[in-house]
Each structure stands twice: as C-alpha cells, then as structure tokens.
Amino acid sequence: MSLTAAYDSQNIFAQIIRGDAPCYKIYEDEDVLAFLDVFPQSYGHTLVIPKRSAACNILDVDTEALCKMAAVTQKLAQVIVAELQPDGVQVAQFNGAPAGQTVFHIHMHIVPRFSGEGLGVHAAAKADPAELEQLQARLLKRLAA
Ligand code: AMP
C-alpha cells in the first residue's frame, strides 16, 4: 500500500477498536488501545494504536493522537521491561508496505529483546493462545500494581 492511500475502515485494527475483532488487550483509555501482537517477534511483543484517528501512518496522523500514542508506548515499555526483564527493548513504527507495514492503521511496536535470542519473522507465526492469555494476565497484573 502506498504512503498516500486512503484509510480503509475495514483494516484489522479498526475492527479491533470497534470490538468487531478480538484482541489480547493490555491497556485502554479514551484515545489509545494496546494489545498483544498475535504474530509476535519476541515474547511480550505489544502494539499501541490511537483509537480516534483514522490515520494510516505517521504522515497523516494528527499530532495530538501521535503524542498520546507515544506516551502510552513509553508507559507500557516500562511495564513490560519491569515484568519480563528483557535485556533490551525495541520501539518501532513502519510506514508503507516497502517499509514493512502490513496493517494500515498507525501503530507502535514494543518488542522486548532477550540476549542470545534472534528476532522472529515479522507478522509470520501465530502465537499459542494459552501463552498469550498467560502473558496478558502477567502484564495486566503488573500494570495494576
Ligand atoms: P506492521 O507490519 O508494522 O503493520 O505491524 C502489524 C502487526 O500487526 C504485525 O506485527 C502483525 O503480527 C500484527 N497483527 C496482525 N493482525 C493482528 C491481530 N489480529 N491481532 C494482533 N496483532 C496483529
């Protein structure tokens, strides 16, 4: 998809925001939603999206939504690091298919990195639902602490 393509309200993240598709929710407020990536590149891979902005990427998102998404990304990165104790954490954001974007509703990736463990292939292998549920419970508990 090109950088200037129109927003498609049927994309999977728009469906998740509307409640038409499920997610392993980690955090939600009026403006931002965060949930586990179901094709994780590492244990704890989490996505953060703006709820009110029909934006494909960083070029068309409004600045306020971008800032709110960034603030939640920082907060959740702190929570994920505190709970999972990775050795590093990647925060990434892709714009346009040639840059690696596969879902065209702007989002941030939080990808914990563990020494000696490579990165899984992007958007490739589906995680075990039981493992995702367990991870969700751990992160929700830490967030509430
Ligand atoms: P990107 O390739 O940067 O657009 O990232 C999209 C991400 O969404 C990928 O890492 C996918 O694994 C992830 N993804 C796709 N469908 C879902 C879904 N239904 N629930 C959670 N994550 C998803």
Residue-count net charge about residue 65 - beta-carbon cut-off 14 Å; Lys, Arg +1, Asp, Glu -1: -3
Under 19 Å Cα to Cα from residue 75, which aspartates and glutamates show up? Leave out anything in the same chain fewer than 8 places away. 28, 29, 30, 31, 37, 64, 83, 87
Straight-line reach from residue 68: which lysines fall under 27 Å, measuring Cα to Cα and dropping same-chain residues less than 8 apart? 25, 51, 141
Mind listing the Cα extents of region 93-145 along all three principal axes, in Å, largest one first? 38, 27, 22
If I ignore ligands, DNA and RNA and count only protein heavy atoms, how much of residue 131 is accessible to a 1.4 Å probe, in Å² to the nearest 10? 80
Could you give the Stokes-Einstein D for the chain in µm² per second, using the C-alpha Kirkwood radius, 10 °C, 1.306 mPa s? 103
Fraction of accessible area attributable to carbon and sulfur, region 14-145 (%, probe 1.4 Å): 53
Given backbone amide H placed at 1.01 Å from N, residues whose amide H is under 5 Å from that of residue 26, ignoring those fewer than 5 places away on the same chain, are 34, 35, 36
Per residue, how much accessible surface does the chain expose to a 1.4 Å probe? Answer in Å², no decimals. 52
Neighbourhood net charge (10 Å Cβ-Cβ; Lys/Arg +1, Asp/Glu -1) for residue 87: 0
Can you tell which of 100, 135, 54 lies farthest toward the positive end of the dipole of region 12-144, using +1 and -1 charges on the Cβ of basic and acidic side chains (Lys, Arg; Asp, Glu)? 135
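The values are calculated or read from the model by the stated rules, or taken from the named source; none is laboratory data. These numbers were taken from a predicted model, which means no experiment stands behind them. Neighbour counts are summed over all protein chains in view; Cβ atoms, including those assigned to glycine, are modelled from backbone coordinates with ideal geometry. Surface areas here come from the heavy atoms of the whole protein model, side chains and all, with no ligands, DNA or RNA. Shrake-Rupley method; radii C 1.70, N 1.55, O 1.52, S 1.80 Å.
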